Amino acid sequence: MAAIPRLPEGFVWGTATSAFQIEGAVDEDGRGPSVWDAFTATPGKVRDGHTAATACDHYHRYEEDVALLRRLGADAYRFSVAWPRVQPDGTGPVNEPGLAFYDRLVDALLDAGVTPMPTLFHWDLPQALEDRGGWLDRDTAHRFAAYAAAVADRLGDRVRHWITLNEPFEHMALGYALGQHAPGHTYLLDALPAAHHQLLGHGLATAALRAAGAPHVMLTNSYTPAIPYSGSKADTEAARAYDTLHRRLFTDPVLLGAYPDLDGFGLAGPLPFVKDGDLDRIKAPIDGLGVNYYNPTRVTAPEPGTTPLPFELAEFEHVNTTDFGWPVIPSGLTQTLLELTADYGPALPPLWVTENGCSYDTAPDADGRIRDQARIDYLEAHVKAVAAAVEQGADVRGYLVWSLLDNFEWAEGYHQRFGLVHVDFATLERTPKDSFDRYAALIAEQRR
Ligand code: BGC
(Lines give C-alpha, C1' and ligand atoms only; values in the text may rest on other atoms or scores of the structure.)
Protein backbone atom coordinates (compact mmCIF):
# COMPACT_ATOMS: atom_id res chain seq x y z
CA MET A 1 0.00 0.00 0.00
CA ALA A 2 1.08 3.58 -0.63
CA ALA A 3 3.00 5.26 2.18
CA ILE A 4 1.12 7.35 4.69
CA PRO A 5 1.78 11.05 4.09
CA ARG A 6 3.51 12.91 6.88
CA LEU A 7 1.17 14.94 9.10
CA PRO A 8 2.33 18.44 10.15
CA GLU A 9 5.08 18.93 12.75
CA GLY A 10 3.69 18.63 16.27
CA PHE A 11 0.71 16.48 15.23
CA VAL A 12 -0.48 14.55 18.30
CA TRP A 13 -0.92 10.75 18.17
CA GLY A 14 -2.67 8.77 20.84
CA THR A 15 -5.57 6.65 21.99
CA ALA A 16 -8.86 7.14 23.82
CA THR A 17 -10.91 5.27 26.44
CA SER A 18 -13.71 6.09 28.86
CA ALA A 19 -14.09 5.46 32.58
CA PHE A 20 -17.15 3.23 32.70
CA GLN A 21 -15.92 1.13 29.82
CA ILE A 22 -12.57 0.19 31.41
CA GLU A 23 -12.30 0.99 35.10
CA GLY A 24 -14.42 -1.60 36.91
CA ALA A 25 -14.19 -1.19 40.72
CA VAL A 26 -17.68 0.28 40.66
CA ASP A 27 -18.19 -0.11 44.42
CA GLU A 28 -14.74 0.94 45.54
CA ASP A 29 -13.40 3.96 47.37
CA GLY A 30 -16.74 5.67 47.76
CA ARG A 31 -17.82 5.72 44.11
CA GLY A 32 -21.56 6.33 43.81
CA PRO A 33 -23.85 4.55 41.36
CA SER A 34 -24.21 5.92 37.84
CA VAL A 35 -27.03 5.63 35.32
CA TRP A 36 -25.00 2.94 33.60
CA ASP A 37 -24.81 0.80 36.75
CA ALA A 38 -28.61 0.96 36.94
CA PHE A 39 -29.02 0.27 33.22
CA THR A 40 -26.68 -2.72 33.18
CA ALA A 41 -28.55 -4.14 36.19
CA THR A 42 -31.84 -3.99 34.27
CA PRO A 43 -32.56 -7.29 32.52
CA GLY A 44 -32.60 -7.11 28.74
CA LYS A 45 -30.74 -3.82 28.37
CA VAL A 46 -27.20 -5.10 27.73
CA ARG A 47 -26.44 -8.08 25.52
CA ASP A 48 -26.09 -11.26 27.56
CA GLY A 49 -26.52 -9.28 30.76
CA HIS A 50 -22.90 -8.17 30.78
CA THR A 51 -22.01 -5.56 33.39
CA ALA A 52 -19.01 -3.29 33.83
CA ALA A 53 -18.42 -4.31 37.44
CA THR A 54 -14.88 -5.40 36.54
CA ALA A 55 -14.52 -4.30 32.88
CA CYS A 56 -10.74 -4.11 32.23
CA ASP A 57 -10.01 -3.54 35.92
CA HIS A 58 -8.13 -0.44 34.82
CA TYR A 59 -8.78 1.11 38.25
CA HIS A 60 -6.24 -1.35 39.66
CA ARG A 61 -4.14 -1.96 36.55
CA TYR A 62 -3.69 1.60 35.30
CA GLU A 63 0.09 1.40 35.65
CA GLU A 64 0.19 -1.53 33.24
CA ASP A 65 -2.04 0.40 30.85
CA VAL A 66 0.14 3.51 31.04
CA ALA A 67 3.15 1.28 30.31
CA LEU A 68 1.34 0.15 27.15
CA LEU A 69 0.89 3.80 26.11
CA ARG A 70 4.60 4.39 26.66
CA ARG A 71 5.44 1.34 24.59
CA LEU A 72 3.10 2.59 21.84
CA GLY A 73 4.93 5.91 21.80
CA ALA A 74 1.65 7.79 22.29
CA ASP A 75 1.87 11.57 22.68
CA ALA A 76 -1.52 11.79 24.35
CA TYR A 77 -4.14 9.72 26.10
CA ARG A 78 -7.79 10.68 26.25
CA PHE A 79 -9.54 9.11 29.24
CA SER A 80 -12.65 10.16 31.10
CA VAL A 81 -13.18 11.08 34.71
CA ALA A 82 -16.11 9.29 36.34
CA TRP A 83 -18.30 11.96 37.90
CA PRO A 84 -19.71 9.43 40.45
CA ARG A 85 -16.18 8.74 41.72
CA VAL A 86 -15.60 12.44 42.33
CA GLN A 87 -19.07 13.33 43.60
CA PRO A 88 -20.99 10.13 44.44
CA ASP A 89 -24.33 12.01 44.42
CA GLY A 90 -23.36 14.42 41.66
CA THR A 91 -23.27 17.33 44.04
CA GLY A 92 -21.67 18.42 47.28
CA PRO A 93 -18.21 17.73 48.67
CA VAL A 94 -15.71 15.74 46.66
CA ASN A 95 -14.88 12.14 47.42
CA GLU A 96 -11.17 12.35 48.05
CA PRO A 97 -10.24 8.72 47.19
CA GLY A 98 -12.04 9.03 43.86
CA LEU A 99 -10.13 12.15 42.87
CA ALA A 100 -6.91 10.57 44.13
CA PHE A 101 -7.24 7.85 41.48
CA TYR A 102 -7.13 10.42 38.66
CA ASP A 103 -4.31 12.20 40.42
CA ARG A 104 -2.25 8.98 40.32
CA LEU A 105 -3.23 8.33 36.71
CA VAL A 106 -2.18 11.83 35.60
CA ASP A 107 1.16 11.51 37.38
CA ALA A 108 1.79 8.10 35.81
CA LEU A 109 0.98 9.49 32.34
CA LEU A 110 3.27 12.47 32.78
CA ASP A 111 6.05 10.19 34.01
CA ALA A 112 5.59 8.16 30.82
CA GLY A 113 5.78 11.30 28.68
CA VAL A 114 2.10 11.04 27.69
CA THR A 115 -0.12 14.14 27.72
CA PRO A 116 -3.31 13.55 29.73
CA MET A 117 -6.53 14.65 27.98
CA PRO A 118 -9.41 14.04 30.38
CA THR A 119 -13.04 14.15 29.26
CA LEU A 120 -15.27 15.23 32.11
CA PHE A 121 -18.46 13.49 30.99
CA HIS A 122 -18.56 10.28 29.01
CA TRP A 123 -22.17 9.26 29.79
CA ASP A 124 -21.84 7.95 33.39
CA LEU A 125 -24.10 10.46 35.15
CA PRO A 126 -24.47 9.97 38.92
CA GLN A 127 -27.77 8.13 39.44
CA ALA A 128 -28.76 10.65 42.13
CA LEU A 129 -28.87 13.35 39.44
CA GLU A 130 -30.89 11.12 37.13
CA ASP A 131 -33.37 10.71 39.98
CA ARG A 132 -33.83 14.50 39.77
CA GLY A 133 -34.34 14.48 36.00
CA GLY A 134 -30.82 13.94 34.67
CA TRP A 135 -29.97 16.09 31.65
CA LEU A 136 -33.65 16.96 31.21
CA ASP A 137 -33.23 19.05 34.34
CA ARG A 138 -31.50 22.38 33.77
CA ASP A 139 -29.85 22.19 37.18
CA THR A 140 -27.67 19.29 35.97
CA ALA A 141 -25.79 21.82 33.79
CA HIS A 142 -24.91 23.83 36.90
CA ARG A 143 -23.96 20.70 38.82
CA PHE A 144 -21.68 19.71 35.93
CA ALA A 145 -19.86 23.05 36.10
CA ALA A 146 -19.32 22.65 39.85
CA TYR A 147 -17.93 19.15 39.31
CA ALA A 148 -15.66 20.42 36.51
CA ALA A 149 -14.33 23.09 38.88
CA ALA A 150 -13.58 20.45 41.53
CA VAL A 151 -11.64 18.27 39.09
CA ALA A 152 -9.73 21.24 37.66
CA ASP A 153 -8.90 22.39 41.16
CA ARG A 154 -7.22 19.04 41.80
CA LEU A 155 -5.63 18.24 38.43
CA GLY A 156 -5.30 21.67 36.81
CA ASP A 157 -1.69 22.14 37.91
CA ARG A 158 -0.73 19.25 35.58
CA VAL A 159 -3.55 18.85 33.06
CA ARG A 160 -3.58 21.40 30.23
CA HIS A 161 -5.99 19.76 27.77
CA TRP A 162 -9.60 19.34 28.84
CA ILE A 163 -12.65 17.95 27.06
CA THR A 164 -16.03 18.80 28.57
CA LEU A 165 -18.52 16.33 27.02
CA ASN A 166 -18.31 13.24 24.88
CA GLU A 167 -20.86 13.00 22.06
CA PRO A 168 -23.89 14.83 23.45
CA PHE A 169 -25.84 13.78 20.32
CA GLU A 170 -25.43 10.05 21.07
CA HIS A 171 -26.16 10.58 24.73
CA MET A 172 -29.38 12.42 23.91
CA ALA A 173 -30.42 10.12 21.06
CA LEU A 174 -29.55 6.72 22.54
CA GLY A 175 -30.08 7.60 26.21
CA TYR A 176 -33.10 9.90 26.17
CA ALA A 177 -34.84 9.51 22.79
CA LEU A 178 -34.53 5.81 21.86
CA GLY A 179 -33.77 4.04 25.16
CA GLN A 180 -30.86 1.99 23.83
CA HIS A 181 -28.39 3.44 26.35
CA ALA A 182 -28.68 4.65 29.94
CA PRO A 183 -30.77 6.21 31.32
CA GLY A 184 -33.05 4.34 28.92
CA HIS A 185 -35.74 6.91 28.15
CA THR A 186 -37.82 6.75 24.96
CA TYR A 187 -38.90 10.37 24.75
CA LEU A 188 -38.17 10.80 21.02
CA LEU A 189 -38.18 14.52 20.22
CA ASP A 190 -39.11 15.36 23.81
CA ALA A 191 -35.50 14.41 24.57
CA LEU A 192 -34.33 17.74 23.09
CA PRO A 193 -33.90 19.52 26.44
CA ALA A 194 -31.15 16.93 27.13
CA ALA A 195 -29.27 18.41 24.16
CA HIS A 196 -29.62 21.97 25.40
CA HIS A 197 -28.76 21.21 29.00
CA GLN A 198 -25.66 19.27 28.00
CA LEU A 199 -24.56 22.18 25.82
CA LEU A 200 -25.31 24.63 28.62
CA GLY A 201 -23.28 22.37 30.92
CA HIS A 202 -20.45 22.49 28.38
CA GLY A 203 -20.55 26.31 28.37
CA LEU A 204 -20.71 26.62 32.15
CA ALA A 205 -17.96 24.01 32.62
CA THR A 206 -15.80 25.82 30.06
CA ALA A 207 -16.12 29.00 32.15
CA ALA A 208 -15.26 27.02 35.31
CA LEU A 209 -12.21 25.48 33.65
CA ARG A 210 -11.06 28.90 32.42
CA ALA A 211 -11.47 30.30 35.93
CA ALA A 212 -9.17 27.50 37.12
CA GLY A 213 -6.60 28.54 34.48
CA ALA A 214 -7.24 25.77 31.90
CA PRO A 215 -5.33 26.73 28.74
CA HIS A 216 -6.98 24.30 26.29
CA VAL A 217 -10.66 23.32 26.36
CA MET A 218 -12.54 21.26 23.79
CA LEU A 219 -15.94 19.67 23.22
CA THR A 220 -16.08 16.27 21.51
CA ASN A 221 -18.96 15.58 19.13
CA SER A 222 -19.56 12.65 16.84
CA TYR A 223 -19.65 13.57 13.17
CA THR A 224 -20.97 11.57 10.27
CA PRO A 225 -21.52 12.90 6.76
CA ALA A 226 -25.19 12.53 5.88
CA ILE A 227 -25.26 10.90 2.43
CA PRO A 228 -28.57 11.15 0.51
CA TYR A 229 -29.80 7.74 -0.63
CA SER A 230 -30.35 9.08 -4.14
CA GLY A 231 -30.05 12.36 -6.01
CA SER A 232 -33.77 13.04 -5.48
CA LYS A 233 -34.86 16.28 -3.85
CA ALA A 234 -36.68 14.34 -1.12
CA ASP A 235 -33.57 12.32 -0.19
CA THR A 236 -31.38 15.43 -0.29
CA GLU A 237 -33.75 17.23 2.06
CA ALA A 238 -33.88 14.20 4.35
CA ALA A 239 -30.08 14.14 4.52
CA ARG A 240 -30.07 17.84 5.33
CA ALA A 241 -32.56 17.22 8.16
CA TYR A 242 -30.41 14.45 9.58
CA ASP A 243 -27.34 16.68 9.41
CA THR A 244 -29.27 19.39 11.27
CA LEU A 245 -30.10 17.03 14.12
CA HIS A 246 -26.77 15.22 14.36
CA ARG A 247 -24.25 17.90 13.51
CA ARG A 248 -25.67 21.40 13.47
CA LEU A 249 -27.77 21.10 16.64
CA PHE A 250 -24.57 20.35 18.59
CA THR A 251 -22.16 22.59 16.67
CA ASP A 252 -23.99 25.78 15.65
CA PRO A 253 -24.77 26.88 19.22
CA VAL A 254 -21.16 26.27 20.31
CA LEU A 255 -19.47 27.97 17.35
CA LEU A 256 -22.13 30.39 16.10
CA GLY A 257 -24.23 31.03 19.20
CA ALA A 258 -27.52 30.00 17.57
CA TYR A 259 -29.60 26.86 17.13
CA PRO A 260 -30.37 25.72 13.59
CA ASP A 261 -33.91 26.02 12.34
CA LEU A 262 -35.88 22.95 13.54
CA ASP A 263 -39.08 23.67 11.58
CA GLY A 264 -38.70 20.36 9.72
CA PHE A 265 -39.06 18.60 13.09
CA GLY A 266 -42.33 20.34 13.88
CA LEU A 267 -40.51 22.72 16.21
CA ALA A 268 -41.13 26.15 14.76
CA GLY A 269 -40.21 29.17 16.86
CA PRO A 270 -38.03 29.56 19.92
CA LEU A 271 -37.23 26.43 21.92
CA PRO A 272 -39.00 26.84 25.27
CA PHE A 273 -36.11 25.46 27.33
CA VAL A 274 -33.57 27.96 25.99
CA LYS A 275 -33.38 30.86 28.44
CA ASP A 276 -31.95 34.34 27.99
CA GLY A 277 -28.17 34.31 28.06
CA ASP A 278 -27.84 30.53 27.54
CA LEU A 279 -26.46 30.84 24.02
CA ASP A 280 -23.83 33.34 25.15
CA ARG A 281 -22.65 30.80 27.70
CA ILE A 282 -22.72 27.95 25.20
CA LYS A 283 -20.64 29.84 22.67
CA ALA A 284 -17.78 30.43 25.11
CA PRO A 285 -14.64 30.22 22.93
CA ILE A 286 -13.03 26.78 22.74
CA ASP A 287 -9.52 25.89 21.64
CA GLY A 288 -10.35 22.82 19.62
CA LEU A 289 -13.30 20.76 18.42
CA GLY A 290 -13.12 17.01 19.01
CA VAL A 291 -14.33 14.91 16.09
CA ASN A 292 -15.32 11.30 16.72
CA TYR A 293 -15.72 9.53 13.40
CA TYR A 294 -16.72 5.96 12.65
CA ASN A 295 -18.72 6.01 9.40
CA PRO A 296 -21.02 8.12 7.25
CA THR A 297 -24.80 7.76 7.47
CA ARG A 298 -27.04 7.03 4.50
CA VAL A 299 -30.31 8.90 4.69
CA THR A 300 -33.56 8.57 2.80
CA ALA A 301 -36.91 10.36 2.79
CA PRO A 302 -39.37 8.60 5.11
CA GLU A 303 -42.36 6.66 3.89
CA PRO A 304 -45.32 8.92 4.71
CA GLY A 305 -46.84 8.18 8.10
CA THR A 306 -44.06 5.84 9.30
CA THR A 307 -42.05 8.16 11.54
CA PRO A 308 -42.40 11.55 13.21
CA LEU A 309 -38.92 12.39 11.89
CA PRO A 310 -38.18 13.96 8.49
CA PHE A 311 -35.70 11.20 7.56
CA GLU A 312 -35.02 7.48 7.72
CA LEU A 313 -31.68 5.71 7.82
CA ALA A 314 -30.63 3.24 5.14
CA GLU A 315 -27.82 0.74 4.61
CA PHE A 316 -24.87 1.29 2.33
CA GLU A 317 -24.60 -1.44 -0.28
CA HIS A 318 -21.45 -3.24 -1.41
CA VAL A 319 -19.15 -1.91 1.30
CA ASN A 320 -17.03 -3.77 3.79
CA THR A 321 -18.31 -3.69 7.34
CA THR A 322 -16.67 -4.18 10.71
CA ASP A 323 -17.80 -6.96 13.05
CA PHE A 324 -20.26 -4.40 14.47
CA GLY A 325 -21.78 -4.18 10.98
CA TRP A 326 -20.59 -0.58 10.56
CA PRO A 327 -19.58 0.41 7.00
CA VAL A 328 -15.90 1.05 6.43
CA ILE A 329 -15.77 4.30 4.43
CA PRO A 330 -12.58 6.25 5.21
CA SER A 331 -13.39 9.02 2.73
CA GLY A 332 -16.21 10.00 5.09
CA LEU A 333 -13.58 11.19 7.56
CA THR A 334 -11.99 13.47 4.96
CA GLN A 335 -15.47 14.68 4.04
CA THR A 336 -16.43 15.42 7.65
CA LEU A 337 -13.24 17.38 8.34
CA LEU A 338 -13.61 19.37 5.12
CA GLU A 339 -17.33 20.05 5.62
CA LEU A 340 -16.68 21.43 9.10
CA THR A 341 -13.88 23.57 7.67
CA ALA A 342 -16.07 24.92 4.85
CA ASP A 343 -19.29 25.34 6.82
CA TYR A 344 -17.92 27.05 9.93
CA GLY A 345 -15.07 29.02 8.35
CA PRO A 346 -13.33 31.40 10.75
CA ALA A 347 -15.61 30.30 13.63
CA LEU A 348 -14.04 26.83 13.59
CA PRO A 349 -11.22 26.13 16.05
CA PRO A 350 -8.56 23.52 15.20
CA LEU A 351 -9.96 20.01 14.82
CA TRP A 352 -8.84 16.92 16.71
CA VAL A 353 -9.91 13.41 15.79
CA THR A 354 -10.68 12.35 19.35
CA GLU A 355 -12.00 8.90 18.37
CA ASN A 356 -11.70 6.65 15.34
CA GLY A 357 -11.55 2.90 15.34
CA CYS A 358 -13.26 -0.37 14.57
CA SER A 359 -14.65 -3.51 16.15
CA TYR A 360 -13.07 -6.75 14.94
CA ASP A 361 -13.24 -9.87 17.06
CA THR A 362 -9.92 -11.34 15.98
CA ALA A 363 -9.06 -14.18 18.34
CA PRO A 364 -5.49 -15.04 19.35
CA ASP A 365 -3.83 -17.63 17.11
CA ALA A 366 -2.33 -20.80 18.56
CA ASP A 367 0.92 -18.90 19.12
CA GLY A 368 -0.98 -16.26 21.13
CA ARG A 369 -0.52 -13.55 18.51
CA ILE A 370 -3.52 -11.52 17.36
CA ARG A 371 -3.24 -10.91 13.64
CA ASP A 372 -5.87 -8.19 13.23
CA GLN A 373 -5.01 -7.14 9.71
CA ALA A 374 -8.53 -5.71 9.23
CA ARG A 375 -7.88 -3.18 12.00
CA ILE A 376 -4.49 -2.29 10.51
CA ASP A 377 -6.17 -1.64 7.16
CA TYR A 378 -8.88 0.44 8.82
CA LEU A 379 -6.41 2.58 10.75
CA GLU A 380 -4.05 3.14 7.83
CA ALA A 381 -6.92 4.15 5.56
CA HIS A 382 -8.34 6.56 8.13
CA VAL A 383 -4.98 8.18 8.91
CA LYS A 384 -4.61 8.71 5.17
CA ALA A 385 -8.09 10.23 5.14
CA VAL A 386 -6.96 12.71 7.82
CA ALA A 387 -3.83 13.51 5.79
CA ALA A 388 -6.02 14.11 2.71
CA ALA A 389 -8.19 16.56 4.65
CA VAL A 390 -5.11 18.39 5.94
CA GLU A 391 -3.73 18.59 2.42
CA GLN A 392 -7.01 20.20 1.33
CA GLY A 393 -6.93 22.82 4.05
CA ALA A 394 -8.40 21.31 7.24
CA ASP A 395 -6.53 22.29 10.41
CA VAL A 396 -6.29 18.97 12.24
CA ARG A 397 -4.00 18.71 15.26
CA GLY A 398 -4.31 15.16 16.51
CA TYR A 399 -5.60 11.64 16.00
CA LEU A 400 -6.65 9.33 18.83
CA VAL A 401 -7.54 5.69 18.21
CA TRP A 402 -10.62 4.25 19.85
CA SER A 403 -9.55 2.33 21.76
CA LEU A 404 -6.44 1.41 23.70
CA LEU A 405 -8.09 -1.70 25.16
CA ASP A 406 -10.93 -4.04 24.27
CA ASN A 407 -13.60 -2.84 26.67
CA PHE A 408 -17.25 -2.71 27.75
CA GLU A 409 -19.03 -1.58 24.59
CA TRP A 410 -22.21 -0.20 26.20
CA ALA A 411 -25.35 -2.11 25.14
CA GLU A 412 -23.16 -4.66 23.34
CA GLY A 413 -21.33 -5.61 26.53
CA TYR A 414 -18.02 -7.32 25.76
CA HIS A 415 -19.12 -8.46 22.31
CA GLN A 416 -17.41 -5.71 20.32
CA ARG A 417 -13.63 -5.49 20.54
CA PHE A 418 -12.27 -2.07 19.57
CA GLY A 419 -8.85 -2.37 21.25
CA LEU A 420 -5.32 -2.14 19.94
CA VAL A 421 -4.73 -4.37 22.95
CA HIS A 422 -6.66 -7.60 23.43
CA VAL A 423 -8.13 -8.11 26.88
CA ASP A 424 -8.99 -11.60 28.09
CA PHE A 425 -12.02 -10.77 30.22
CA ALA A 426 -11.61 -13.96 32.27
CA THR A 427 -7.98 -13.35 33.29
CA LEU A 428 -7.74 -9.61 32.45
CA GLU A 429 -4.49 -10.34 30.66
CA ARG A 430 -3.55 -7.68 28.10
CA THR A 431 -1.99 -8.71 24.77
CA PRO A 432 -1.04 -6.06 22.22
CA LYS A 433 -2.44 -6.98 18.82
CA ASP A 434 -0.61 -6.65 15.51
CA SER A 435 -2.46 -3.32 15.06
CA PHE A 436 -0.76 -2.03 18.23
CA ASP A 437 2.66 -2.70 16.70
CA ARG A 438 1.60 -1.18 13.39
CA TYR A 439 0.30 1.97 15.12
CA ALA A 440 3.53 2.21 17.14
CA ALA A 441 5.53 1.98 13.90
CA LEU A 442 3.30 4.56 12.22
CA ILE A 443 3.84 7.00 15.09
CA ALA A 444 7.62 6.41 14.96
CA GLU A 445 7.68 6.89 11.15
CA GLN A 446 5.78 10.15 11.51
CA ARG A 447 8.33 11.46 14.01
CA ARG A 448 11.39 10.53 11.97
C1 BGC B 1 -18.21 6.41 22.09
C2 BGC B 1 -17.45 5.27 22.71
C3 BGC B 1 -17.85 3.98 22.04
C4 BGC B 1 -17.48 4.05 20.58
C5 BGC B 1 -17.80 2.80 19.80
C6 BGC B 1 -18.32 6.33 20.60
O7 BGC B 1 -19.61 6.69 20.23
O8 BGC B 1 -17.69 7.65 22.50
O9 BGC B 1 -17.72 5.27 24.08
O10 BGC B 1 -17.28 2.86 22.65
O11 BGC B 1 -18.16 5.11 19.99
O12 BGC B 1 -19.17 2.55 19.80
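The values are calculated or read from the model by the stated rules, or taken from the named source; none is laboratory data. Keep in mind that this is a model prediction, so the values were computed, not measured. All Cβ positions, even for glycine, are placed from backbone atoms using ideal geometry, and neighbour counts span all protein chains on display. When the accessible area is computed, the model is the full protein with side chains, heavy atoms only, and any ligands, DNA or RNA have been set aside. Shrake-Rupley method; radii C 1.70, N 1.55, O 1.52, S 1.80 Å.
A probe of 1.4 angstrom, applied to the heavy atoms of all protein chains, finds W162 with accessible area near 0 square angstrom. You can think of it this way: the chain between R160 and E315 has 51.7 nm of extra reach, that is 0.36 nm per residue less the Cα-Cα gap. If you sort R247, R448 by accessible surface, 1.4 Å probe, largest first, the order is R448, R247. Tell me, how many Å apart are the Cα centres for segment 303-366 and for segment 1-32? Using only Cα atoms to place each centre, the spacing works out to 19 Å.
Bridgeable lysines around K275 (alpha carbons under 17 Å apart, same-chain partners fewer than 8 residues away excluded): K283. With all protein chains kept in place, the per residue accessible area of the chain amounts to 37 square angstrom at a probe of 1.4 angstrom.
By DSSP, the beta bridges lying fully in the chain are antiparallel in about 20 percent of cases. Taken along its three principal axes, the alpha carbon spread of segment 279-362 comes to 42, 40, 21 Å, from the longest extent down to the shortest.
Shown here are the Rg and Dmax of the Cα trace of segment 143-251, at 16.8, 55 Å.
Inter-label distance, E237 to S331: 2.7 nm, where each label sits 7 Å from its Cα along the C-beta direction. Per residue, the convex hull spanned by the Cα atoms of the chain measures out at 145 cubic angstrom.
If R0 is 22 Å, the Cβ-Cβ spacing of H142 and L189 corresponds to a FRET efficiency of close to 0.35. Once you list every other residue whose beta carbon is under 10 Å from the beta carbon of N407, what net charge do they have if Lys and Arg are +1 and Asp and Glu are -1? Summing Lys and Arg as +1 and Asp and Glu as -1 gives -2. Please work out the FRET efficiency for the pair L110 and R210, using the Cβ-Cβ distance as r and a Förster radius of 25 Å; give the result to the nearest 0.05. After rounding to 0.05, the efficiency reads 0.65. Derived scalar couplings between HN and Hα for segment 31-37 equal 4, x, x, 10, 4, 6, 5 Hz in order, rounded to whole Hz, by the Karplus curve 6.51 cos²θ - 1.76 cosθ + 1.60 (θ = phi - 60°), x for Gly and Pro. Taking the centroid of alpha carbons for each part, segment 404-448 and segment 145-204 are 26 Å apart. On full extension, the segment bounded by L338 and E429 gains 28.7 nm, given 0.36 nm per residue less the C-alpha separation. Computed over protein heavy atoms with a 1.4 Å probe, the carbon and sulfur contribution to the accessible area of segment 12-447 reaches 51%. Taking a ≥ b ≥ c as the square roots of the eigenvalues of the Cα gyration tensor, segment 289-448 is oblate, since a/c reaches 1.5 or more and a/b is not larger than b/c.
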